[in-house]
Amino acid sequence: SGLLCCMTPFLSSSFRLSTRELRFARAMEFAIKEINNRSDLLPNVILGYLIHDSCAAVPMALKVAFQFLNGREAELTTGLICPKVANVAAVLGDSTSTASIGMSRVLGLFGVPQVHHFSTCACLSDKQQHPSFFRTIPSDQFQAAALAQLVKHFGWTWIGAVRSDSDYGNNGMASFLRAAQKEGICIEFSVAFFKTNPRSKVQRVADIIRRSTSRVIVAFVASGDMRILLEELTYKPLPPLQWIGSESWVSDPEMLTYGVFAGAVGFSVERAVIPGFREFLLDLPAVQVTRSPLLREFWEDTFSCKLPPEQADLMTGQGVKMCTGNEDLRAVKIPYTDTSQLRVTNMVYKATYAIAHAIHRVVCEDRPYSMPQCNRNAFAEPYKVLAQLKKVNFTVNGYPVNFDINGDPVAKYEVINWQVAENRALSFVTVGYYDASKPKGHALNLTKKITWVPVSVCSASCPPGTRKAAQKGKPVCCYDCVPCGEGEINSLDCISCPDEFWPNSQRDECLPKRVEFLSWDEVLGIILAFSATTGACIAVVVIVIFYRHRASPIVRANNSELSFLLLFSLTLCFLCSLTFIGRPSEWSCMLRHTAFGITFVLCISCVLGKTLVVLMAFRATLPGSNVMKWFGPLQQRMTVVCFTFVQALICTLWLVLSPPIPLKNVSYYKERIILECNLGSAGAFWAVLGYIGLLAVLCFVLAFLARKLPDNFNEAKFITFSMLIFCAVWITFIPAYVSSPGKFTVAVEIFAILASSFGLIACIFIPKCYIIVFRPHQNTKRHVMGKVASKAL
């Protein structure tokens, strides 16, 4: 009911029989033998087959393809009438992509399905050009992407590329180069050759590999071509290289004899176990061998002898060993008998079963509770088998078999590493897996370490604080390291950190800038806070002393009401300086300047009032003067209120129109942020200071005029000294305030407040307290009025 044909190149690169390809052909025989013995798959139907040798040549493969279509004879039909239906149900093979492409273009015209076990060229997935093509081995499109991810995983960005100058090598390498470019991998060189090229060309490829600076070579090369290259590479010393191989050669046991490949890594189809297959291979009786020219050649090459049918022709030969027929295949180690790495062999096994399932769907009818019923006389027409192949979905020996719309299976690979075993021999070790069905980034999974991982980059990674600058005329992987600018980090390029961030010491990350303000827990803040608190306490102590001695002459003679108000305002002046310490906030920014302005005006107003009282008091002693009635207690209070009201009005307008607000100053220091209060209206700030300065100058002038008035305890003299200190402090404050950086601006302002406040309390009140506490005998009306001679204080 169906005829299955197998095409495989039995010739190796040295034009000797390839025992590995023979194993592939015998895997099909083994699968067909299993199928013919099954009762659930094609029961009572004998599946036949033909095996042809393509001789690793495209013309031979095409000749046999036409023979499949026209008939079983070698001659081609030249008449006008050609058969509408091919003589075969399906074709399995060829092993090479180039031969498969040629066969596919011919067989596809007649709808003859092809199931391939080792043709991986991505071009064969094009259903418009290859409508009847299927394969059980993944497309090179997946392998190329997997190779690029593997190279990227180990950080190899500078590699060399070698390929077979064939459909397999050219298409596979093109897919790899596209995937590598997306991964940021640079190619130092890309060369191609074929096993039939002149030796000079192969030598040129070998010399390019020896002279290259890259330590990683990706080889998309057929195993036959790879042997030719390796023979050339062994003639001269070769630097240590990390070979990355395609599945064609990286899992070929015959390649293990080349020590130059130690440490090689690549992808191969999953290793499989086929029960009973090894016994089938080894159970090869001499009678069966003599019937097949192919098996005869295999037997004679393996045991270096000649079988009896040709004995007559060899009588004249000398030294020719005759085969006995009792030779044991178990005693030889050749790829044919090696079933430890059944990879591509399993692809043949699965392909055979896929065709059998498709034929089964054509000629058999499955029943729910009984054996399938098959029509033994029905011919499985190729186009029907082709339609059923698209639908197959089954599992054989634990291996799933199905095809996507392109005729490809799900891409699953093992990562193979060539490692040196304990006996110093190379062996295949599975170090990971690749599953294209998994999400991006999770397809590659390495479970073991490879033997060695070299460094293969055109330029070393740039150190922190530098960026990559491409070298003219070279790939992007070749660059010089140029220092980044200040405030930049080196990610893929020098990137400026945002305004509130600054690079860390490694220059690879932007961290928040250090925030700076005059805090409570730093030394400067503690000293200033302590000074302010001390000043306030001194003012309170003076208030207590004056209150307890409020009836004493020295207190009453110096206008006790204004003195208490002045002491209260000085206490507020000391305390308002505390609002300048700590993290600026909206309320603290508005309070610190307005409170400072109002309390200082209140303070200066009281001093001015006291100065006016002194002046008016002595003018009142002149004959006919009644000036004191115009400057009594009520007028004094009104003077203080009016002067303070003006400052309060200025501060109110300031807060309403453009109040001070917190500000993050990132322009003064590049590496840190200064938290400060934006004045809002600079004009309002200088108006507040100017008004205070105007009152202070006026007070100083009046006190200076009254400094020599006859008084045993002349208060005007002390007011003059206090105003002199006050003006000196605030005159020097202006340049210091403008030039001080960051938190020191606030410290200068606090210092000015404290210095001027201490100057007032020291000059005006400390001498009085000294008399009250330590010289009570001088605290008399006569002494105050100057009627008793006084000792110098």
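Each reported figure results from applying straightforward, stated rules to the coordinates on display, with no laboratory input. Predicted model only: the values in this text are computed from it and were never measured. Note: ideal-geometry Cβ built from the backbone for every residue, glycine included; neighbour counts use all protein chains shown.
Under the Karplus relation 6.51 cos²θ - 1.76 cosθ + 1.60, θ = phi - 60°, what is the ordered set of whole-Hz ³J(HN,Hα) values for the range 654-662, x standing for Gly and Pro?
After applying 6.51 cos²θ - 1.76 cosθ + 1.60, I find 4, 5, 7, 7, 8, x, x, 9, x Hz.
Could you tell me which of C651, G276, V320 has its Cα farthest along the dipole of the chain towards the positive end, charges placed at Cβ (Lys, Arg +1; Asp, Glu -1), taken about the Cα centre?
Looking along the dipole axis, the top candidate is C651.
What whole number of Å gives the distance from the Cα centroid of the range 517-563 to the Cα centroid of the range 413-463?
Comparing the Cα centres of the range 413-463 and the range 517-563, I get a distance of 80 Å.
Dimensions of the range 106-184 along principal axes (Cα, Å, largest first)?
Cα spread of the range 106-184 along its principal axes, largest to smallest: 48, 22, 20 Å.
Starting from the amide H of V453, placed 1.01 Å from N in the peptide plane, find each other amide H under 5 Å away whose residue is 5 or more places distant or on another chain.
Hits under the 5 Å cutoff: none.
Rounded to the nearest 5, what % of DSSP beta bridges with both residues in the chain are antiparallel?
Values: 41 of 78 bridges.
Antiparallel bridges make up about 55 percent of those DSSP assigns within the chain.
Relative contact order, percent, of the chain when contacts are C-alpha pairs under 8 Å separated by at least 6 residues?
On the way: 1361 pairs, mean separation 79.5, N = 793.
So the answer I get is 10 percent.
Once you put a point 7 Å from the Cα of R514 and another 7 Å from the Cα of V656, both along the Cβ direction, what distance in nm separates them?
Computed distance between label sites R514 and V656 equals 4.4 nm.
Using a simple spin-label model with points 7 Å from Cα along the Cα→Cβ vector, what separation in nm is obtained for E500 and I766?
4.6 nm
So what J values fall out for the range 18-32 if you push phi through Karplus, 6.51 cos²θ - 1.76 cosθ + 1.60 with θ = phi - 60°, rounded to Hz, Gly and Pro as x?
8, 5, 5, 5, 5, 5, 4, 5, 6, 5, 5, 4, 5, 5, 5
Measuring from a point 7 Å past the Cα of H442 along Cα-to-C-beta, which residues in the range 395-415 have an amide N at less than 20 Å?
Hits in the range 395-415 for H442 at 20 Å: 410-415.
Order 450-459, 331-340, 87-96 from most to least packed using the mean count of other Cβ atoms within 10 Å.
Working: 450-459: 16.3, 331-340: 14.7, 87-96: 27.2.
Ranked from most to least packed, the peptides come out as 87-96, 450-459, 331-340.
Per 0.36 nm of contour for each residue apart, how much would the distance between E270 and L282 grow if the chain were fully extended, relative to their Cα-Cα spacing? Intermediate values should be presented prior to the final figure.
Working: separation 12, 0.36 × 12 = 4.32 nm, distance 2.35 nm.
Fully extending the segment from E270 to L282 adds 2.0 nm.
For the Cα atoms of the chain, what angle does the longest principal axis make with the long axis of helix 167-182, in degrees from 0 to 90, nearest 10?
Its long axis makes an angle of about 10 degrees.
Residue separation times 0.36 nm, minus the C-alpha to C-alpha distance between D40 and Y737: what's the value?
Values: separation 697, 0.36 × 697 = 250.92 nm, distance 9.98 nm.
Here the answer is 240.9 nm.
If r is the Cβ-Cβ distance from V482 to D207 and R0 is 25 Å, what FRET efficiency results, to the nearest 0.05? Mind dumping the intermediate values first?
Values: r = 35 Å, r/R0 = 1.39.
Rounded to the nearest 0.05, the efficiency is 0.10.
Compute the distance in nm between two label points, each set 7 Å from the Cα along the Cα-to-Cβ direction, one at V455 and one at R424.
For V455 paired with R424, the spin-label model returns 3.2 nm.
Loop-only trypsin sites (Lys or Arg not before Pro) in the range 463-501, please: DSSP not H, G, I, E or B, and at most 12 other Cβ atoms within 10 Å. Could you put the intermediate results ahead of the total?
Details: sites: R467, K468, K472; in loops: K472.
Listed in order of number, the matching sites are K472.
Between L256 and R16, what FRET efficiency comes out of the Förster formula 1/(1 + (r/R0)^6) with R0 = 25 Å and r the beta carbon distance, rounded to 0.05? Each step should come with its number before you reach the end.
Values: r = 18 Å, r/R0 = 0.72.
Given R0 = 25 Å and the Cβ-Cβ separation, E is 0.90.
If one takes the longest principal axis of the Cα atoms in the chain, at what angle in degrees, from 0 to 90 and to the nearest 10, does the Cα axis of helix 97-107 lie?
On a 0 to 90 degree scale, this one is about 60.
Nearest 20 debye, what's the magnitude of the dipole of the range 315-421 about its Cα centre given +1 on Lys and Arg Cβ and -1 on Asp and Glu Cβ?
Numbers: 12 positive and 9 negative charges, 24 e Å.
The calculation lands at about 120 debye.
Quick one: which residues, 5+ away or cross-chain, put their amide H under 5 Å from the amide H of V396? H built at 1.01 Å from N.
Excluding prolines and chain starts, which carry no amide H, the hits are V401.
Which of the aspartates and glutamates could be linked to K468 by a straight reach, that is with a Cα gap under 13 Å, when you skip same-chain ones fewer than 8 residues away?
Qualifying aspartates and glutamates at Cα under 13 Å: D480, D493.
Taking Cα pairs under 8 Å and at least six residues apart, what relative contact order does the range 437-487 come out at, in percent?
Values: 38 pairs, mean separation 14.0, N = 51.
Relative contact order here is 27 percent.
What number results when the radius of gyration of the range 466-512, computed over Cα atoms, is divided by 2.2 N^0.38 Å?
Working: Rg = 12.1 Å, N = 47, 2.2 N^0.38 = 9.5 Å.
Against the compact-globule rule of thumb, the ratio is 1.28.
Let me know the charge dipole size of the chain about its Cα centre in debye, to the nearest 20, where only the beta-carbon of Lys, Arg (+1) and Asp, Glu (-1) is charged.
Details: 76 positive and 58 negative charges, 857 e Å.
Taking the Cα centre of the chain as origin, the dipole is about 4120 debye.
With the dipole of the chain worked out from charges on the C-beta (+1 for Lys and Arg, -1 for Asp and Glu) around the Cα centre, which of Y49, P240, S119 lies farthest toward the positive end?
P240
Report, in degrees rounded to the nearest 10, the 0 to 90 angle that the Cα long axis of helix 715-739 makes with the longest principal axis of the chain.
Helix 715-739 sits roughly 20 degrees off the main axis of the chain.
Provide the packing ranking of 286-292, 181-187, 531-537, i.e. peptides ordered by the mean count of other C-beta atoms within 10 Å per residue, highest first. Don't skip to the answer; put the middle values down first.
Working: 286-292: 13.3, 181-187: 15.6, 531-537: 17.3.
Order by mean packing, descending: 531-537, 181-187, 286-292.
I need the calculated FRET efficiency for the pair Y235 and Q129, taking r as the beta carbon distance and R₀ as 41 Å, to the nearest 0.05.
0.50
What's the local net charge at V151, with K and R +1, D and E -1, over the other residues with C-beta under 14 Å away? Spell out each step's value before the answer.
On the way: positive: K152, R178, K182, R215; negative: E183, E188.
Neighbourhood net charge equals +2.
What are the ³J(HN,Hα) couplings of the range 746-756, residue after residue, when phi is run through the Karplus curve with 6.51, -1.76, 1.60 and θ = phi - 60°? Round to Hz, x for glycine and proline.
5, 4, 5, 5, 5, 4, 4, 5, 5, 5, 5
Taking the Cβ of N504 as the center, what net charge do the other residues with Cβ under 13 Å away carry, scoring Lys and Arg +1 and Asp and Glu -1? Could you put the intermediate results ahead of the total?
Working: positive: R507, K513, R514; negative: E488, D508, E509, E671.
Residues near N504 contribute -1 overall.
Using only the alpha-carbon atoms of the chain, report the extent along each of the three principal axes, biggest first, to the nearest angstrom.
Result, largest extent first: 169, 64, 46 Å.
Can you list residues from other chains, or at least 5 along the same chain, whose modelled amide H is less than 5 Å from the amide H of A56?
So A56 has HN proximity to F10, L11.
Quick one: go through the range 509-532 and flag any residue whose amide nitrogen is under 20 Å from the point 7 Å out along the Cα-to-Cβ line of S585.
Flagged as within label range: 515-522, 525-526, 529.
Put +1 on the Cβ of each Lys and Arg and -1 on the Cβ of each Asp and Glu in the chain; which of Y479, M173, V541 then has its Cα farthest toward the positive end of the dipole?
Farthest along the dipole direction, towards plus: V541.
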